[in-house]
Amino acid sequence: MPKHSRDVSHGRPGPRRMPCSIVLLVGLVATTPAAAAAAETFIVERGTPRAEIVIADKPARMTRLAAKELQECLRKMTGAVLPIVTDRRAGTVAIFVGTSRHTSALGLATDELEHGAFRMDSGPDWLALLGPDHDFVPIEPWGRSRSADETARVNRGWDAITGDTFWNPARDLHFRYHPDLDVWDQDDAGTFNAVHEFLRGLGCRWFAPGEIGEVIPVRDTVALPDVRRTVTPDFAVRRFIYYTEHTGIGEKALWNLRLGLNHGAEIVGFPQICHGMKFVIKREEMKRAHPDMYLLRGGTRDTTFKEDGVPNLLSPRLFEKQVKHVRAMFDHFREPMHNIDLVDGYGGLTADDPAWMAQLTPARGWQGSMSDHVWGYLNRVALEVHKSHPDRLVSALAYSAYTLPPESIGPLSPNLALIETRHRQDFWDESVWNERRALRAQWLERLPSGVYLTWDYSTNARPDQRGRPVYFTRQIARDLRDLQGVTRGEQIEIYTHPQGREASLGYDELAIEHLNLYLAARLYWDVDQDVDAILDDYFSAYYGPAADAMRAFVAHAEANWMHMSTDAAKIGESLALLADARRAADPDSLPGRRIARIAEVMQPLPALQQQLSRPRETDLSYRALQTNQTDGKPFKDKPLDGIVDPAWWGTYRIAPLLPVRPGGPPAGAAGRFQVLREGSILHFGIVCEEPDMQGAAGAPTRNDDPKILSADHVLLLIETPTRSRYEIAINAAGAVYDADEAPGGRGVAWSSGAQVAVHRGEGRWSVEVRLPIVGEDAFTLDPEKGIAGAEPKELFPWHFNLGRLRVRDGKSEYTAYSPTGREDFRVPAMFAKLWSR
């Protein structure tokens, strides 16, 4: 129960029926059969409605939704349907939902409440559940869709207002409207919160989105409570944002409301609270008219980076334009705060301009390498805006290469608000936790406004991260208690499946994450709640007969998830505990289905457990960049000709081939390679320096000829989490020998499906390989085609080695990326990790 309340309620008793598998903590309205006989006033009595839901003649949108929620939940609980009316009938209990002439007559005001706060009051024959009820009214021009025509319309309207060619942030305002609910995220939700606090008191819970996440106890009687409470949250901004907001979030919109979240537009404004500079530089008209606003990189002004371009912070025109844009946001849209942050991906960039490069501070480490450069610019913008709008705020992120406070600039502007990006789940590590607390203290010491918000992440269910059961309830509670009174609130960025891919991905992305999110949402209202009581309620209500087993599973996961990327034993323990829980619940029951969804998320772990069980004697790791992350030209235009041209391949992640025996004699010819990823294709570029090209002549030319392996060649050895091992050998003549040498493999009957090209030039020969990533089921579908494995990820990598055999004058030279210690490349313990993002 939130602590900011007055006159704690005393429930009037009444009988209830509950499924034997569900035990709930009922706080607001406790009922017992013995006390029910003495009760005189009921909302529902033995399945018969004794009350009406009374709303205003013209209710606010959120009030109308709250009344429907109350009606439907009581119907599910008791079978009784309470009518929704605007005039109360004499002799009937009235439940006043939202402000109306009836609540005004009772002297019940909500004027002093904000950020979703609410009040609950009762009398002999009435109950009032109410909070502020203001409807959000969008200001034109705002976008109704993302269509080209609509984008052009809202930008034309914005041009007329600003006299410039900025991107209108209100183009995407329609994300915030949920047509199935007929509410906006910006609508006041105080009344909605009051209704759901009442329903929580009756034992209703919404642990996850949709019906599978809902728990409503069955009872036939609900007594009218005696209550006098005003409830305010500990955190004003309580915002969840999802990856798929641009295509709709479905059931999650209602779940957000049931959790008592607050989008916080009254504090931070309606646009996104990050990367606000893109609205200044995004338009093609701006790029054509003012190329000086964009950073000079690779000899050209970069207007294409992530579609927005890279801003040139040394450009006076950029400064002028950004100040103008912020002032227009304040004047026209009446925003309380606007984000002025850099475009995403800015951290770590380089430029041709020596003056720009001179502003970087690499000696401060990655997190501070751009701090003075970025914050120097942002602070100038903030100071200039403050001259005309001293009552408004501008915000920016402590993020990426500008996470640390600046050191070489003067005092920060009094209107500058800070948003700290962090990963709370990592706070199990005390050093990380203390480092973050120290960072916050440093920033607050420099921040005159004192306006501080946090941005956390819930992305463990991404396909490249899925598997580990990441629970961190204790870190959530500890951190939020530490933040109380310091931050205005928090935003959590949550992974959700792309629209249309839900079925193909085959798992519920919130099957595990929902508990972390649910707990955070409850603690936003009162950080001093008993976390053990919240969790006991969760396990009992959500998992029924499997409550104890799931409690053990989650406790083990919370203590060990961070070790499961390297410890096969911890994975085995976790899987065994989950199996115990599955046996404890009927698989067709709601608890059984909920546990099954967790098992679906954890499906990659057995393969990782198998991979980790293989002995490893090297920690060598190669991260393959995506082709669009290099400093080369667009890779899609690259012909497959065997030439590893830096103009396309770029100059990043070039790795040498070393003698297989460390400390041995140097190789007679050097070798190097790169790996890039483009969607489901891995590109290998291999360069073999060769002073004796004549010695490489006469190589076998027939594919799968075993003689390929005894003459000059390069050998790619690959082991995926589900299969080991594959071999692909290529010689200077372009002949390929590929084989599946894993137990049960088809040997040389197997084909990798790789496209290969070899180029023989002066003093070298080089190879380009395009290797398709077929998928985990490749071996099952066709054991003779393709590498069986999902895309190599940081958590679920492939392992590999790349070797070169050079034979001259009867002597064999062995070089490899990961030296094996002997003249043999086939040493799985020395395979390096291969992964990509």
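The values are calculated or read from the model by the stated rules, or taken from the named source; none is laboratory data. Treat the numbers as computed from the prediction; the structure is a model and nothing was measured. Positions of Cβ are backbone-derived with ideal geometry, glycine not excepted, and every protein chain shown enters the neighbour counts. These accessible areas exclude ligands, DNA and RNA; they are computed on the full protein's heavy atoms, side chains included. Shrake-Rupley method; radii C 1.70, N 1.55, O 1.52, S 1.80 Å.
Ranking Phe779, Phe319 from most to least accessible surface, computed with a 1.4 Å probe over the protein chains only, gives Phe779, Phe319.
For the chain, averaging the sequence separation of C-alpha pairs within contact (under 8 Å, six or more residues apart) and dividing by the residue count gives a relative contact order of 9 percent. A cut-off of 5 Å between modelled amide H atoms, ignoring neighbours fewer than 5 places along the same chain, links Thr86 with Ile55. Centroid-to-centroid, using Cα positions, the stretch 94-116 and the stretch 427-450 are 40 Å apart. Against the criterion of solvent-accessible heavy-atom surface with a 1.4 angstrom probe, Met357, Met62 sort, most first, into Met357, Met62. With protein chains left intact and a 1.4 Å probe, residues in the chain average 39 Å² of accessible area per residue.
Taking a ≥ b ≥ c as the square roots of the eigenvalues of the Cα gyration tensor, the stretch 107-180 is prolate, since a/c reaches 1.5 or more and a/b is larger than b/c. Here the relative contact order of the stretch 59-153, from alpha carbon pairs under 8 Å that lie six or more residues apart, stands at 25 percent. For the pair Val486 and Asp111, label points projected 7 Å from Cα toward Cβ lie 3.7 nm apart. Per-residue 3J(HN,Hα) values for the stretch 220-233, derived from phi via the Karplus relation 6.51 cos²θ - 1.76 cosθ + 1.60 with θ = phi - 60°, read 10, 9, 10, 7, 6, x, 9, 9, 9, 9, 10, 10, 10, x Hz in sequence order (x marks Gly and Pro). For the stretch 487-616, just say rounded, prolate or oblate: build the C-alpha gyration tensor, square-root its eigenvalues into a ≥ b ≥ c, call rounded for a/c under 1.5, and beyond that prolate if a/b exceeds b/c, oblate if not. Taking the square roots of the gyration eigenvalues as a ≥ b ≥ c, the stretch 487-616 is rounded. Computed from the Cβ-Cβ distance with R0 of 51 Å, the FRET efficiency linking Val218 to Ala757 stands at 0.15. All other residues whose Cβ lies under 13 angstrom from that of Val714 are scored, Lys and Arg at +1 and Asp and Glu at -1, for a net of -3.
Among rounded, prolate and oblate, which fits the stretch 606-686 when a ≥ b ≥ c are the square roots of the eigenvalues of its C-alpha gyration tensor, a/c under 1.5 means rounded, and a/b larger than b/c means prolate? Here the stretch 606-686 falls in the oblate category.
Amide H contacts of Ile787 (H built 1.01 Å from N, in plane; Pro and chain starts excluded): Val774 sit under 5 Å, all sequence-distant by 5 or more or on other chains. Within the stretch 85-170, the GluC sites (Glu not before Pro) that combine a DSSP coil assignment with at most 11 other C-beta atoms in a 10 angstrom radius are Glu112.
Arrange the peptides 765-778, 735-748 so that the one whose residues have, on average, the most other Cβ atoms within 10 Å appears first.
Per-residue mean Cβ counts within 10 Å order the peptides as 765-778, 735-748.
In a reduced charge model with +1 at each Lys and Arg Cβ and -1 at each Asp and Glu Cβ, the chain shows a dipole moment near 80 debye about its Cα centre.
Relative contact order of the stretch 364-484: 25 percent, from C-alpha pairs under 8 Å at least 6 residues apart in sequence.
Would you mind checking the pairs Lys306/Lys633; Lys633/Lys833; Lys321/Lys633; Lys278/Lys321; Lys321/Lys387 and listing those with alpha carbons more than 20 angstrom apart? Table pairs above 20 Å Cα-Cα are Lys633/Lys833; Lys321/Lys633. Candidate values (i) 43; (ii) 35; (iii) 31 were compared with percent of Cα pairs over 47 Å apart computed on the shown model; the agreeing label is (ii). Would you calculate the separation in nanometres between label points at Glu140 and Arg75, each defined as 7 Å from the Cα along the Cα-to-beta-carbon direction? Going from the Glu140 label point to the Arg75 one covers 3.8 nm. Between His423 and Arg653, the simple spin-label model (points 7 angstrom out along Cα→Cβ) gives 1.8 nm.
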